[in-house]
Amino acid sequence: MSSHREAPEISKDPVADNTDVYAFVSPDKPDTVTIITNYVPAEAPAGGPNFYEFGDDVLYSIYIDNDGDGLADIAYEFRFQNRLVNPNTFLYNTGPITSLGDSHWNKRQVYSVARVDGTDATHAKIAKKGGKGPSRHAPAAHGHGHSHAHGHGHGHAHGPKAKVKQLAKGLTCPPCNIGPRSTPNYAALAAEAVHSLPSGERVFAGQRNDPFFVDLGSIFDLADLRPFQNLHLIPTAAAPGVDALQTLNIHAIAIQIPISKLTRDGSVPKDAASAKAVLGVWGAASRRKVRIGHGAHGGRAESGPWVQVSRLGNPLFNEVIVPLGKKDRWNALYPNDDKQFLPYVQHPELAKLLPALYPKVFPNLEGLTAAREDLVAIFLTGLPSGIVTGFQNNTGKVLADMLRLNVAIPPAASPNVLGVVGGDLAGYPNGRRLVDDVTTIAIRAVAGVTYPLVNKSYKPDAAASLVTQGITPLASRTQAAFPYVANPHGGYQSPSATE
């Protein structure tokens, strides 16, 4: 959770595992949107000698749909490359790293950023009724036994009339946070790794403190919510929640984009009721279709089109809604194909488990057999106008799992971690902020709190609006300025959770 190791195949491929996606109007720059996609789940801070990094054979994509068809109209693509200064030492660094150009830093990563615009800005072939999208095979030679198509616009397959523009290359990631001797001023290194692009965006890519807070241990122990475990079928004394990710790191790609560069007509909408104000956002990771290892030399060769291996829009969708046997398939699809998962949204398994695991606590939920159109709106279409006063994030009839962000709703001065459910229209499911308690929001929604939005005669169980995972995240998980995700835990300082 939200999507850490959520599917069988991607759990074996952490550098391509899209764990969380965040999209929100930037609180200190409200004419921009910030999108953050996280990868490489559950990084132990003391991760040497081979510290964590992005995959140099993975294509990382951030997609934006601004016309509601479940296909990307805009894509930002990130490619990473390793640079080894001295191959004859086992060390990640040979002395203190005081700048991103420090010669003591032995193994580093640089990256390029490209923007794709078009009626289908996704990178792989899209099967459409009555026709097929284009596909290109253009492998190019690459050093150290690799064979990649590295240049943007080469080896990519985009939809018709897609335009690919490289925005920057050779941007440097910060090193991992090793400790006070190796990275004595980590905050300065991280600040140096925030890059302003000539095209108007700001980007950051590197290790961060994992901002997602969740009691993994309790939730996957038969949905045992510690504050309510005295009411569980197998009861124990109630207790506070335990944040399983509190001392762990993640790798984040963050981009801050002027709103005018994202809307369909280049405007900055001020009317929250306008369809132009709503953006669909998701992240993805892809690998080449063909990968061959050279065992004797430790190298590899790759060719063919990009194949999507991971994606994420709404938190918890693949984790909790999609059944185990279809999770890998879901990861390979684009949101416009999500209609096939509609039955699992209309009749979620968790809604059946809660009354069984908490006897007599959810009697109204147990009797609710109608299709959950409230959850369909939250996950697949967005909420239409008239459901919640002053709010809508509807993208039309196409059923697609995307974060839906209404950019005309300004940031909240005092965010409520329960988002729209808590009366804060700037929070989830209106995009997703770092502070939003999406686990509690999702559990309450499935438990019936949101069903009166579509059926006013339904009365949710009293427990539905009280159920919680019982976690208050530390303020140190986030920071006030871009990239908003806080500096990572240091390897030397680990396992302290208070740094």
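The values are calculated or read from the model by the stated rules, or taken from the named source; none is laboratory data. A quick note: this is a predicted structure, and the numbers were derived from the prediction, not measured. Glycine gets a Cβ as well: all are built from the backbone with ideal geometry, and neighbour counts include every protein chain shown. Side chains included, ligands, DNA and RNA excluded: accessible areas come from the protein's heavy atoms. Shrake-Rupley method; radii C 1.70, N 1.55, O 1.52, S 1.80 Å.
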>> On a straight-distance basis, which lysines could pair with LYS360 in a cross-link, Cα separation under 29 angstrom, same-chain partners fewer than 8 positions away excluded?
In response: LYS352, LYS456, LYS459
>> Just to confirm my numbers, what's the Cα centroid distance between region 433-499 and region 1-80 in Å?
In response: 19 Å
> GLY491's amide H: which non-local residues (gap 5+, or another chain) put their own amide H closer than 5 Å, with H modeled 1.01 Å from N in plane and none for Pro or chain starts?
Replying inline: ILE178, GLY179
> Between region 208-279 and region 170-197, what's the alpha-carbon centroid distance in Å?
Replying inline: 26 Å
>> Once you keep just the Cα pairs under 8 angstrom separated by 6 or more residues, what percentage relative contact order results for region 447-498?
In response: 20 percent
>> For the pair ALA356/ARG5, report the inter-label distance in nm, with labels modelled 7 Å from Cα in the Cβ direction.
In response: 2.4 nm
> Label-point separation (nm) for THR94 and ARG329, each offset 7 Å from Cα along Cα-to-Cβ?
Replying inline: 5.4 nm
> THR94: accessible area at probe 1.4 Å, nearest 10 Å²?
Replying inline: 80 Å²
> Quick one: if you stick a label point 7 Å off each Cα along the C-beta vector at LEU197 and SER457, how many nm between them?
Replying inline: 5.2 nm
>> Over 21 Å between Cα atoms: which of LYS12/LYS339; LYS161/LYS289; LYS12/LYS165; LYS107/LYS289; LYS29/LYS261 fall into that group?
In response: LYS12/LYS339; LYS161/LYS289; LYS12/LYS165; LYS107/LYS289
> Out of (1) 89, 66, 63; (2) 68, 56, 44; (3) 66, 54, 49, which label holds the value of Cα extents along the principal axes in Å that was computed here?
Replying inline: (2)
> Okay, helix-only estimate at 222 nm for the chain: each DSSP H run of n ≥ 4 adds -39500 (n - 2.57), divide by all residues, round to 500 deg cm²/dmol; what do you get?
Replying inline: -2000 deg cm²/dmol
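If a/c stays under 1.5 just call it rounded; otherwise compare a/b with b/c (prolate if a/b is bigger, oblate if not). Do that for region 315-359, with a ≥ b ≥ c from the square roots of the Cα gyration tensor eigenvalues.
Numbers: a/c = 2.98, a/b = 2.21, b/c = 1.35.
Note, shape of region 315-359 comes out prolate.
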>> Taking the full set of protein chains and a 1.4 angstrom probe, give the accessible area of TYR52 in square angstrom, rounded to the nearest 10.
In response: 70 Å²
> Accessible area per residue of the chain at 1.4 Å probe, in Å²?
Replying inline: 40 Å²
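Can you put LYS456, LYS163, LYS327 in order of accessible area, largest first, using a 1.4 Å probe?
Ranking LYS456, LYS163, LYS327 by accessible area, largest first, yields LYS456, LYS163, LYS327.
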>> What does the C-alpha gyration tensor say about the overall shape of region 1-115? Classify as rounded when a/c is under 1.5, otherwise prolate if a/b is larger than b/c, or oblate.
In response: prolate
> What are the ³J(HN,Hα) values, in whole Hz, obtained from phi via the Karplus relation 6.51 cos²θ - 1.76 cosθ + 1.60 with θ = phi - 60°, for each residue of region 226-241 in sequence order, with x given for Gly and Pro?
Replying inline: 3, x, 10, 5, 5, 9, 6, 4, 10, x, 9, 5, 4, 8, x, x
> With a ≥ b ≥ c the root eigenvalues of the C-alpha gyration tensor of region 303-414, is it rounded (a/c under 1.5), prolate (a/b larger than b/c) or oblate?
Replying inline: oblate
>> Taking 4 °C and 1.567 mPa s as the conditions, I'd like the Stokes-Einstein D for region 203-283 in µm²/s, using the Kirkwood hydrodynamic radius from alpha carbon pairs.
In response: 78 µm²/s
>> Starting from 0.36 nm per residue, how many nanometres of slack lie between LYS261 and ARG181 once their C-alpha separation is accounted for?
In response: 24.6 nm
>> Given R₀ = 25 Å, what would the calculated FRET efficiency be for VAL242 paired with LEU222, taking r from the Cβ atoms and rounding to 0.05?
In response: 0.95
